[in-house]
Amino acid sequence: MAETRQQRGGRERAPREEKQFDERVVAIDRVARVVKGGRRFRFRALVVIGDGKGKVGVGSAKGADVTAAVSKATDVAKKNIVTVPIENNTIAHEQQAQVSGAKILLKPAAEGTGLIAGGAVRVVLEVAGYHNVLSKSLGSSNKTNVAYATVEALKMIKPKSQWHRNRTEEKPAKKSVKAEAK
């Protein structure tokens, strides 16, 4: 009979939990604060998480080392998850958003176009689950503000089911004044 690990004195590994979110580190920066003895360095991480099915979150945090900063940023991103609409692997309509100096313009694209985006915008769109979107980054190129602006633009998009038409009923055509005079 085969011995179990515990009987042999070995530690049993905890079962690995499957990650429900795709976590991507967008940027890691070394930041410093000046004290009397010199500079104290810390690390700031920008993390984007998403499930590829319309949920996405962005988080930024600082820590004494890179792993601490990344794990803190991941926790912040999980607390800031928003649900965004996906229609035919693209967005429903054109949308623009601004956070601080970073402006982002997102446009729907035809099937097969792919993601026309770079940097933080591309990462946010990929983890959210979009496959065909055109984008343009205007203004600041600060990665943190660009990531938050992209999420802000995605939050403002309304799915086609929520669109409404102004002409709910057709108005009868007006008779001309000349026709009434006769």
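The values are calculated or read from the model by the stated rules, or taken from the named source; none is laboratory data. Fair warning: this is a prediction, and the values are worked out from it, not measured in the lab. Cβ atoms come from the backbone with ideal geometry, glycine included; neighbour counts cover every protein chain shown.
Listed by first and then second residue, the pairs linking a residue in the stretch 17-42 that is touching a residue at least 12 places away in the same chain (Cβ under 8 Å) and surrounded by 15 or more Cβ atoms within 10 Å (Cβ to Cβ) to a residue that is of a type in the set (D, E, K, R) and part of a strand (DSSP E or B), with Cβ atoms under 7 Å apart and 6 or more places separating them unless they lie on different chains, are 42/62.
Matching residues to (1) over 23 Å from residue 129 (Cβ atoms); (2) of a type outside the set (Phe, Trp, Tyr); (3) touching a Lys or Arg at 6+ places or on another chain (Cβ under 7 Å):
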{"site": "50", "(1), (2), (3)": "no, yes, no"}
{"site": "61", "(1), (2), (3)": "yes, yes, yes"}
{"site": "68", "(1), (2), (3)": "yes, yes, no"}
{"site": "79", "(1), (2), (3)": "no, yes, no"}
{"site": "92", "(1), (2), (3)": "no, yes, yes"}
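When residue 35 is tested against (1) touching a strand residue (DSSP E or B) at 6+ places or on another chain (Cβ under 8 Å); (2) of a type outside the set (Phe, Trp, Tyr); (3) over 21 Å from residue 137 (Cβ atoms), just one condition goes unmet, and that condition is (1).
Just to verify a result, which residue in the stretch 43-67, among those that are under 16 Å from the mean Cα position of the chain (by Cα) and among the small types (Gly, Ala, Ser), is surrounded by the most Cβ atoms within 10 Å (Cβ to Cβ)? Lay out the reasoning, then the answer.
Taking the stretch 43-67 first, the residues under 16 Å from the mean Cα position of the chain (by Cα) are 45-60.
Next, from what is left, pick out any that are among the small types (Gly, Ala, Ser): 45, 50, 52, 54, 57, 59-60.
On the way: 45: 25, 50: 27, 52: 15, 54: 15, 57: 23, 59: 22, 60: 21.
Per the criteria, the residue is 50.
Quick one: is residue 126 charged (D, E, K, R), at pLDDT below 95 and either loosely packed, with under 15 Cβ neighbours inside 10 Å or over 13 Å from residue 56 (Cα atoms) (or both)? In short, no.
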